[in-house]
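The numbers here are math on the coordinates, done by the rules we state, and not lab data. Here the structure is a predicted model, which means the values were calculated and not measured. Counting neighbours? That spans all protein chains shown, and the Cβs are built from the backbone with ideal geometry, glycine included.
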């Protein structure tokens, strides 16, 4: 005799299927060869809910887009610094403000506005920060290492797991053995707890998730050193924060990253929009890409075109908005070109540069006024 399931039994089974706990592994971490476009909301106070062993169903579909972030991850072997950061598997390049939530504890340059590299490691234990190298500013061209490395996303991870991590990096200022030296040190201590799971709705869709609650204490200190002996130390800044990263098996980047202060007042929330594969041309020419400055920009941008790309021959420069509409079209034979952006609204823009050989180079920048 056939047995028919009751409505309650069917709903229970559906609930278990939809809200099944998931496990995050190395395969779910950021991939090289992709740009992750995320929107940043600087005002919405989402509900963080009550963590616990019961599946959650949270609706963050009201999140707004105040400005985008566009981290692009590629293989470190495509840089000139693979030997300097031998454990690094991935890198991002550009102003740190564009990196997205997985920026680690060391933005490059003042307020993350200067260009530079961040070096990451992805392996079976998780996603880590290896170090960074600024291209601009006071500490340009200095290799900075995290010793030990900072853990961003642990793996494998599932509900109920907990991880502790302590990391630090240092920068010497005007190092000279003949007089006092100044050492700047950043220490990060964190506890990462997988405290919730279930279903999360964001503007780009609905996903099964687990949530990483990251409790962070970041302390910046300054030391006066003479002949390797510390003579004076001062705590410069101390910040306690809570970050909530929602992760799924569907997207190799956080679905949502909520950044809150020590009292859980939300400072900002990033949410995933789409990931875009890099073109073969982008990967092949990663080390001779044009540079846009400032980025983000307000009324003016400068595009520096490497000689290996232009060879002082005319280049066609076209800028598009995200709808694909052409907003700027010009021709230049200079290695640096300045373009007015006063007529462009806030947002993310894509540029293409076609050189005299017909090769096309692409990049992106943000307008924020």
- Message: Once you place label points 7 Å from the Cα toward the Cβ at residue 162 and residue 236, how far apart are they in nm?
- Response: 3.3 nm
- If all Cα-Cα distances of the range 138-249 are sorted into 10 Å bins from 0 onward, what percent lands in each bin, rounded to whole numbers? 13, 31, 26, 18, 10, 3, 0
- Item | Sequence of 26, 150, 235, 214 once ranked by neighbouring C-beta atoms within 10 Å, starting from the fewest | 235, 26, 214, 150
- Note on the structure: With R₀ set to 35 angstrom, the calculated FRET efficiency between the beta-carbons of residue 170 and residue 56, to the nearest 0.05, is 0.30
- Exposure proxy check: 43, 221 ranked by fewest other beta carbons within 10 Å? 43, 221
- Message: Suppose each label sits 7 Å from its Cα in the direction of the beta carbon; what would the residue 250-residue 228 distance come out to in nanometres?
- Response: 5.6 nm
- Set the Förster distance to 35 Å, then compute FRET efficiency between residue 180 and residue 87 from the Cβ-Cβ distance, nearest 0.05. 0.60
- Note on the structure: Quick P(r) readout (the range 19-277; Cα-Cα; 5 Å bins; whole %) gives 1, 6, 12, 17, 19, 17, 12, 7, 4, 2, 1, 0, 0
- When DSSP assigns beta bridges and you keep just the ones with both residues in the range 19-277, what percent turn out antiparallel, to the nearest 5? 95 percent
- Taking 195, 250, 321 and counting other beta carbon atoms within 10 angstrom, the fewest-first order is 250, 321, 195
- Obtain the nm distance between the two label points defined at residue 327 and residue 43 by a simple spin-label model: each point lies 7 Å from its Cα along the Cα-to-C-beta direction. 2.1 nm
- Message: Give me the one-decimal Kirkwood hydrodynamic radius in Å for the range 23-93, with the sum taken over alpha-carbon pairs.
- Response: 15.6 Å
- Query: Using mean Cβ contacts within 10 Å as the protection proxy, how do 142-149, 290-297 order, highest first?
  - Reply: 290-297, 142-149
